[in-house]
Amino acid sequence: MYDVLIIGAGGAALSAALSSKKEGVKVAVLCESYPTRAQTSMAQGGINASLGNAGKDSVSSHIEDTLKSSGEIGSKEMISKMCKDAPNRVKWLESIGMPYSRTDEGKIAQRKLGGASSDRACYAQDFTGLKILHTLYDQCLKEDIEFLNEKFLLEFVVQDNLIKGAICLDIRTTEVEFIKSKSVIVASGGFSALYYNFTTNTNQSTGDGIAAALRVGAKLSNMEFVQFHPTGLKKSGILISESARGAGGYLVNEKGERFTDELGPRDRVSRAIFSELESGGVYLDIRHLGEEFIDEHMPQERKLAITYEGIDPVYELIPISPVAHYSMGGIYVDENLMSLVKGLFAAGECSESGVHGANRLGGNSLLEILSFGRLAGENSAKFSKSYDYKDTDTKQQDSVKKFIQEIYEYENRENFYESREFLGELFYKKAGIIKEKKALKEALLEVEKMQENYTSMGLGDRSRVYNTNLIEFIKFKNTLTLGKALLVSAIKREESRGAHFRSDFPSIDENFNHRSFYDEV
């Protein structure tokens, strides 16, 4: 049994693990894959902190920029808490070995990202998230934190609204296991893989922790707010960092004309590109920055463009298109990052803590996973010390084992992989950058139809060892659950705010100056 069980292996999970361990409790990190493969590794641009190394900046400006980006529905209390903690998190990372890029004076280098009033994002070339992840993982290994690799979360065990642990599937053996814990931190990432083939996220970003929390009594909030990144590579959706525009890159149309403020909030830039695409291609132009600058500050961007688009951005325009990037909605948590289920905490993209509201400010996601990952770790450790664990009955475990066995018996009349591709395109077209009621309701009917037909989309592979078909099948069910939550929430919010743009309600409505909630199971 553990005092703190952490679901996920990205920056929020590892930050939480380190702070929990510091409290002297027994900690384990449950990973679907392995820590260095987490989505955090894909974050490129930087981590926000008002250090003032590249000009004047202040914590109050950081707070103001974040509130503005949130569409005024972010929590000022939580935003202030995060922004005030930012300089400490950046310096703490430095103290444990984070290899930041440096100024000529040896200070941590900072650059401007969209929506920021100052050069605030601390970075490590264009590998910021990857280097943060490796730095944190090194520390976890140093602290002998236990990792439960290749374990897939199935359900949380809850009795009398108190967390008792988690039920997982051992991917190697297909055995169902119950892992007891006095507290649990969900740090399993977002759900942008819902937009399959139209997202910067990996196929694993299906919101499994969010769906599992919903099933045991947690509420979800702000599920209608999904941020589209303006610059995904046209063919693959792979992210080209905002840092390319922060460094002076241009967005141009087929005629070579600039048509928008490249460093405006992501929702506005994405909509501008989306509209421009109706009459032709859109491109990112960084040629004028020069080969030496690109190779020093954006080596990954150049390699990605060459590998996946077959063009060299030193000499050619980069074809781009907006793609789903970040889900602002997730598990509703209080100021201590605890959900409505006692002892079930959440941090990072899977949580809705009030810091992003309707639209995340570039550079704040890496900050959130560090700042609130730490806070969740501390609070869950303290919670675990506050009571004596009592065993629960086996009903829930037996139910999950029965569910897995039933999956092996489902008929395979339909191919759910085809349905997954259909779903991704459906959401991109009908619940994407621009939404309207008729299209949203059409998408909802399709999702409900897939939920009804789920048992006819059974496994093609019925093996019991490393059955990825089984894992992906269960993840598809979670995707449908969260897809419905998004659509219902988007239909109810009859206004346009931040990343949620309704063509039939194109203005902000003060009647919606609040979070939305969803609790249907």
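Just for the range 327-336: of the residues that are surrounded by fewer than 24 Cβ atoms within 10 Å (Cβ to Cβ) and in contact with a helix residue (DSSP H, G or I) (Cβ under 8 Å, 6 or more places away or on another chain), which one is nearest to V226 (Cα to Cα)? Among those that are surrounded by fewer than 24 Cβ atoms within 10 Å (Cβ to Cβ) and in contact with a helix residue (DSSP H, G or I) (Cβ under 8 Å, 6 or more places away or on another chain), it is E335. Considering only residues of the range 340-396 that are among the acidic types (D, E) and under 14 Å from the mean Cα position of the chain (by Cα), which is surrounded by the fewest Cβ atoms within 10 Å (Cβ to Cβ)? Taking the candidates together, the pick is E368.
A search for C-beta distances below 9 Å between a residue of the range 428-446 that is over 17 Å from S496 (Cα atoms) and any residue that is of a type in the set (V, I, T) and crowded, with 19+ Cβ neighbours inside 10 Å, counting only pairs 6+ apart in sequence or on different chains, returns Y428/T199; Y428/V323.
Just one of the listed residues (K164, K142, K151, K107) is in contact with an Asp or Glu (Cβ under 7 Å, 6 or more places away or on another chain) and over 18 Å from N364 (Cβ atoms), namely K151.
I73 fulfils the conditions (1) part of a loop (DSSP other than H, G, I, E, B); (2) under 21 Å from A346 (Cα atoms); (3) free of Cβ contacts under 8 Å to residues at least 24 places away in the same chain except for a single criterion, (3). The set of residues from the range 409-445 being of a type in the set (A, V, I, L, M, F, W, C), more than 22 Å from N203 (Cα to Cα) and surrounded by 15 or more Cβ atoms within 10 Å (Cβ to Cβ) comprises I434, A439, L440. Flag: L459 does not match the condition of being buried (at least 21 other Cβ atoms within 10 Å of the Cβ) and either closer than 26 Å to S188 by Cβ or modelled with pLDDT under 95 (or both). Return yes or no: is M78 of a type in the set (A, V, I, L, M), farther than 30 Å from Y466 by Cβ and touching a Ser or Thr at 6+ places or on another chain (Cβ under 8 Å)? So M78 passes the test.
The set of residues in the range 55-70 that are part of a helix (DSSP H, G or I), hydroxyl-bearing (S, T, Y) and more than 25 Å from F501 (Cα to Cα) comprises S60, S61. Here F473 meets each of (1) farther than 21 Å from K219 by Cα; (2) modelled with pLDDT under 95; (3) not acidic (D, E) with one exception, condition (2).
In the range 303-319 there is at least one residue that is surrounded by 17 or more Cβ atoms within 10 Å (Cβ to Cβ), in contact with a Pro (Cβ under 7 Å, 6 or more places away or on another chain) and touching a residue at least 60 places away in the same chain (Cβ under 8 Å).
The values are calculated or read from the model by the stated rules, or taken from the named source; none is laboratory data. In this text the structure is predicted, and so the values were computed from the model without any measurement. Note: ideal-geometry Cβ built from the backbone for every residue, glycine included; neighbour counts use all protein chains shown.
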